[in-house]
Each structure stands twice: as C-alpha cells, then as structure tokens.
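Only one structure is covered here, and it is reproduced in the block below.
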Amino acid sequence: MNKEILFIQGNSAVVRGALDAGLKFFAGYPITPSTEIAEELSMELPRRGGTFIQMEDELASLAAVIGASLAGAKAMTATSGPGFSLMQENLGFAAMTEVPCVIVNVMRGGPSTGLPTSPSQSDIMQARWGSHGDRPVVVMYGSSVAECYSLTIRAFNISEQYRIPVILLLDEIVAHMREKMDLSIVEGVPVIERRRPAVPPQEYRPFEGGPDGVPPMADFGEGYRYHVTGLTHDEMGMPTNDPAETSRLIDRLMGKVRNNTGEIVLAEKFLCDDAKTVIVACGAVARSARDAVRMLRKKGASVGLFRPVTIWPFPRRQLAELLPGVNKFIVPEMNAGQLVYAVERAVGCRAQTVSVTRTSSELFHPEEIVAAAL
C-alpha cells in the first residue's frame, strides 16, 4: 500500500487523477481559476507520451477533445464560466455523437467576465441545461482535494463506460486550496475503458445500443469507418428524419443515464439519522455547512448535512429518503439560488425549503449558516 501523503492544490489533484485515469490528450485555453490544470498538463502529459495543445479559444478546445476521443484517446479540457459558456454547442454535439470526454469547470463569479479570481457556484444550472435539446448529463462537484483526484477518475470512468461527456464542477476555493491527500485512501480507484467492437468492420453498427443502451466504440484509423454527425441519425450514423428513429435515438441517449442512476449518483449524509433540519450544500459551502452542523449539535439542535456529490442527475431518491423525519431543508449556495430548485423538486410540499443565497463571491462562514438554521 502506498502510504505517501501529498500536500497539494485541488487543481493539481485533478491533473494527477486525469493522468492516473489514462489521459492522453488535453486541449484548452488558459482561464482563471482553472489555469493550473493546463499549465501542469502542458509539462507532464508530453512526458507520458500524451499530447497537449493550447487552442485559440474554448469552442475549439472541446472540438479538438472530441476529435482526439474519436481517434481513441482519453481526452479532457478545463475551463471556467465564460469558457464553459463557449463550450455548450460542442457539449451537445458530444452527447449526440456519444463521444466520451471530460470537462472540468472551475466556477468563478459572473456573469460575463465577472470576478475571475473569486469563487462562485453560478454554473450549477448551466451544467445541466446549458446545451439545447434533450441530452444525457452527468455532473459531479468536489468538496476536497482528495475528491478532486477521485472524482476526476470517476468522471473518466463514467464517460468511457456510457459514452457521454461528463462535467466535473469545482469552485475557486476547492481548486486553489491546499490540503493533505493520503494516497493510501485514494489509491486503487478502478479505471474503466470504453467497450470495443467484437465484430469485423463490415458488420459494425456504430450507434446500435447493447443491453445497457451503450454501443461499442471503434477508433477512427483502425479500420472501422463510420459517419459521425450532430444530426439525428440511425444506427449506422446516417442522418434521418424518421420519427421512429428519432424517438429511438433520443430515448436511448437519455436512458444511458436514467437507467443507471444507481451506479452513477453519489451523495453524502452527515448526522442525518435523527435530523429534523437538514442543510443541503455542495462544494466549498458544504465544508462550512459541516462545521455549522457540529456547532448546532452542541446547541442541542437536531441538524444534519446532505451533500450531493453528483449534482446531475440530482440525488432525489437519497434526499427523499430523509422524509418524513425532516421538516426543513436549508440550502446555502454562492449564487442567486440554483441548487434550491432541485431540492424543492425532490422534496415537494412535504417539508419547508429555505434558500440562503450569496452573490458577493464570498464563502459562507459556519456562523452564518448556523444563524439561518436557528
């Protein structure tokens, strides 16, 4: 067992996780507060036989990532709010064409150029709804340096297993903080590879879903030639307007995530067994919320913390399991209110939901969350 303990930054942990997951290609454009990911990969990836390209913008960055993935390389990019906005068109393209790729979005204050060096959680809804159309979406949100590592590997695994783009959200605080990471805890995270065709090229149907709805994926350049288009297409990848083909395709794309939520969705519960009030928080805010729960418990209050690790699909079932014991959910977040809507949808009218927002790009102090809970 590797007992090495590292003291590293969140962005550096993302780099280590990506390399350990088998990353071979990175294309990106520098943007605060994600730039360290690109900087470190520009040095480390070529040393490991991979390729790093600094692109002219974020739209081209994700396009290059998609091309590299089609050629068989595990590929990713990293960006922040304004760049993430530019990637939305190609995010939809990657979902429609079922190209595995990982997008790391280190959130900062916005909108527009906003506050480049300050934290925010304002991209939660954009991560789910930013690209038009019905498409499968998996979004995770880390709260520690160790999770920056482990969730990066998990993002690659889900992307490769289900042939979908996967988004890893971080906020500037988690991305730039430094803390200990015990490799004996995070080592041994399994690495999953994409499924390959088991038939010769002439029998290959590139968009024919198997029992789990996920088609095997051949690399461009290894003898399998097939058509890739963002248009609605049939199992051979050829464009079609046939209603039955259209419905079959979109239902299968959505089903890859919908039918596997049990394997995809992660959430953490802290002191929720007897809680009457539950704080729902993610990212850096969850760290403050955990301290707030401890402080409230010392005051005799029955309070717990529910932390969605997978933001989309939102862990509705896990949250709903806390009912009917909980009568109030408090949702502190560094935006004008986004996560709260997912909580309200899961809870309905069965408990009170209280939104606590902050748009100043300042982290909540535990005492402020305590005050909101009393």
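The values are calculated or read from the model by the stated rules, or taken from the named source; none is laboratory data. These numbers come from a predicted model, not from an experiment. Note that each Cβ is placed from the backbone with ideal geometry, even for glycine, and that neighbours are counted across all protein chains shown. Heavy atoms of the whole protein, side chains included, go into the accessibility calculation; ligands, DNA and RNA do not. Shrake-Rupley method; radii C 1.70, N 1.55, O 1.52, S 1.80 Å.
Might you tell me the accessible area per residue for the range 146-192, computed with a 1.4 Å probe and given in Å²?
For the range 146-192, the solvent-accessible area averages 31 Å² per residue.
Go through Lys256, Lys24, Lys299 and list them by solvent-accessible area, largest first, probe radius 1.4 Å.
Most to least solvent-accessible, the answer reads Lys299, Lys24, Lys256.
Please identify, among Pro116, Pro211, Pro30, the residue showing maximal mean-square fluctuation in a Gaussian network model of the chain using a 10 angstrom Cα cutoff.
Fluctuation is largest for Pro211.
Sticking with the crude label model, points 7 Å out along Cα→Cβ, report the distance from His132 to Ser360 in nm, one decimal please.
Here the modelled spin labels are 3.9 nm apart.
What's the whole-number percent of alpha carbon pairs in the range 285-367 lying beyond 15 angstrom?
On the way: 2037 of 3403 pairs.
Every Cα pair in the range 285-367 considered, those over 15 Å come to 60 percent.
What are the extents of the Cα atoms of the chain along their three principal axes, in Å, largest first?
70, 47, 45
Give the span of the range 132-289's Cα atoms along each principal axis, as three whole-Å numbers ordered largest to smallest.
In descending order, the Cα extents are 55, 35, 28 Å.
What's the long-distance tail for the range 24-175, i.e. % of Cα pairs beyond 24 Å?
Across the range 24-175, Cα pairs with separations above 24 Å total 22 percent.
So which chymotrypsin sites (Phe, Trp or Tyr not before Pro) in the range 105-190 are both in a DSSP loop and have at most 11 other Cβ atoms within 10 Å of their Cβ? Walk me through the numbers on the way to the answer.
On the way: sites: Trp129, Tyr141, Tyr149, Phe156, Tyr162; in loops: none.
Of the chymotrypsin sites (Phe, Trp or Tyr not before Pro), not one in the loops of the range 105-190 has a Cβ with at most 11 other Cβ atoms within 10 Å.
For the range 158-215, with equal point scatterers placed on the C-alpha atoms only and solvent neglected, what are the log10 I(q)/I(0) values from the Debye formula at q = 0.25 1/Å, to two decimals?
At q = 0.25 Å⁻¹ the computed log10 ratios are -1.13.
With the other protein chains left in place, how much accessible area per residue, in square angstrom, belongs to the range 1-85 at a 1.4 angstrom probe?
For the range 1-85, the per-residue accessible area is 38 Å².
Starting from a Cα-only point model with no solvent, please compute log10 I(q)/I(0) by Debye for the range 94-211 at q = 0.13, 0.16, 0.17 1/Å.
Once normalised to I(0) and log-transformed, intensities are -0.63, -0.86, -0.93.
Taking amide H positions as placed in the peptide plane 1.01 Å from N, state which residues far from Glu268 in sequence (5 or more) or on other chains have amide H under 5 Å from it.
Counting only residues 5 or more places away or on other chains, the set is Arg307, Val309.
Which one, Met96, Met236, Met107, has the greatest fluctuation when you compute a Gaussian network model over the chain with C-alpha springs under 10 angstrom?
Met236
Can you compute 3J(HN,Hα) from phi for each residue in the range 211-216, using the Karplus curve 6.51 cos²θ - 1.76 cosθ + 1.60 with θ = phi - 60°, rounded to whole Hz and x for Gly and Pro?
x, 9, x, 9, x, x
First compute the accessible area of the range 218-356 with a 1.4 Å probe, then give the percent of it belonging to carbon and sulfur atoms.
49 percent
For the residue pair Glu245 and Lys276, what label-to-label distance in nm results when each label sits 7 Å from Cα along the Cα-to-beta-carbon direction?
With each label point 7 Å from Cα toward Cβ, the separation is 6.1 nm.
Taking 0.36 nm per intervening residue step and subtracting the Cα-Cα distance, what contour gain separates Arg196 from Asp212 on full extension?
4.3 nm
Taking θ as phi - 60°, what are the ³J(HN,Hα) couplings along the range 349-365 by the Karplus curve (6.51, -1.76, 1.60), each to the nearest whole Hz, with x for Gly and Pro?
9, 7, 7, 6, 10, 10, 8, 10, 10, 8, 10, 8, 6, 10, 6, 5, 7
For the range 186-230, count all C-alpha to C-alpha pairs, find those more than 14 Å apart, and express that count as a whole percent of the total.
It works out to 56 percent of all Cα pairs.
Give the lysines reachable from Lys256 as a straight Cα distance under 27 Å; neighbours fewer than 8 places away on the same chain don't count.
Lys256 reaches Lys24, Lys74, Lys269.
Would you work out what percent of the accessible area of the range 69-159, with all protein chains in place, is carbon or sulfur (probe 1.4 Å)?
Carbon and sulfur atoms account for 58 percent of the accessible area of the range 69-159.
Report the extension gain between Met254 and Asp219 in nm, rounded to one decimal, defined as 0.36 nm multiplied by the number of residues separating them, less their alpha carbon distance.
So the chain would gain 10.3 nm between Met254 and Asp219.
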